[in-house]
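A.B. asks: For reference, the structure I am asking about is given below.
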Amino acid sequence: MRALKGALPVAILLSVGMVVMTPPASAAPVTPAEFQAQVATAVAASGVFTRGTTVVSESRNLSSGASVLMMVNPDGSLTWSETTISGRFRVRCVRVDRCWEQSDVDFDDVRWHLLPSSSVTYRQASAFWSEWMDVPWPSGATFDVATTVTGATLFTAAFPSDDRVVAETILVSGPSVTDTVSVIGSDGSRAATSTMRLSSQSAPVAVSPPAKRFLGRPASDLTDWQAVINS
């Protein structure tokens, strides 16, 4: 559905296969406009975009196996681990213009390589989420809003696709929002295909530069990594 290279491929760290979700205690159908408005209100009120907090983003494309775990402090320091079908990438920044990458794809070794300044760019997490949601659902989609037994808010958009139904659920619980895409079979079975979670925390993640013995040659080419931040 939606993706960012070097940031968030479509999809959260849930197990591949069947997903068991907290059942809703109540659900009510709404119009597409009402759905969008209620999602925006709930996510904004959750605290996930609170300025000065650390953003944690977790994503997984369950079809390809691609995954990302990124933790970004409000000063721009971060840790980042990404696995794709090409290989594994890790990025570490002690500040916005001092970052290293470890990649068996880009460097063909396991050393950390200093990246050129501005290799990592930042955008506000709220702006990223707005773009993530700014993708129209297919015609014929239905929408409902539910409250789970734990008190979280669950938004669901569903639309037919061949002999199956594709459902996108947005779960807002505490200072976090989880977007999951699932396929529902004609027998009622439900399998997640991708998921993405954004959350915020007050405690920053500790980031230190790589030890000198693990450093390789500095990278000469400017890379293109984009992190989400609550600065």
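A.B. asks: Can you show me the helix-derived [θ] at 222 nm for the chain, built from DSSP H runs with n ≥ 4 at -39,500 (n - 2.57) apiece and divided by the number of residues, rounded to the nearest 500.
C.D. replies: Mean residue ellipticity, 222 nm, calculated: -3000 deg cm²/dmol.
A.B. asks: What is the distance in Å between the Cα centres of the range 84-135 and the range 157-231?
C.D. replies: 14 Å
A.B. asks: Turning to a different aspect of this structure: Which FRET efficiency, nearest 0.05, do ARG164 and ALA27 yield, Cβ-Cβ r, R0 30 Å?
C.D. replies: 0.90
A.B. asks: Counting Lys and Arg as +1 and Asp and Glu as -1, what is the net charge of the other residues whose Cβ lies under 13 Å from the Cβ of SER231?
C.D. replies: Charge balance near SER231 sits at +2.
A.B. asks: Measuring from label point to label point, each 7 Å out along Cα→Cβ, what is the VAL183 to SER117 span in nm?
C.D. replies: 4.8 nm
A.B. asks: So, counting K/R as plus one and D/E as minus one, what does the shell of residues with Cβ under 15 Å around PRO74 add up to?
C.D. replies: That works out to +2.
A.B. asks: How would you order 194-201, 173-180 from highest to lowest mean count of nearby Cβ atoms within 10 Å?
C.D. replies: Per-residue mean Cβ counts within 10 Å order the peptides as 194-201, 173-180.
A.B. asks: Right, something else. Could you work out the pair-distance distribution P(r) of the chain from its alpha-carbon pairs, with 10 angstrom bin width and percents rounded to whole numbers?
C.D. replies: That works out to 8, 31, 33, 18, 9, 2, in percent per bin.
A.B. asks: Set the Förster radius R0 to 35 Å, insert the Cβ-Cβ distance between ASP106 and ARG51 as r into 1/(1 + (r/R0)^6), and round the FRET efficiency to 0.05.
C.D. replies: E(calc), rounded to 0.05, equals 0.60.
Read the figures in this text as sums done on the coordinates, not as results from a lab. Because the structure is predicted, anything quoted here is derived from the model rather than measured. Cβ coordinates were reconstructed from backbone atoms using ideal geometry, including for glycine residues, and neighbour counts include every protein chain displayed.
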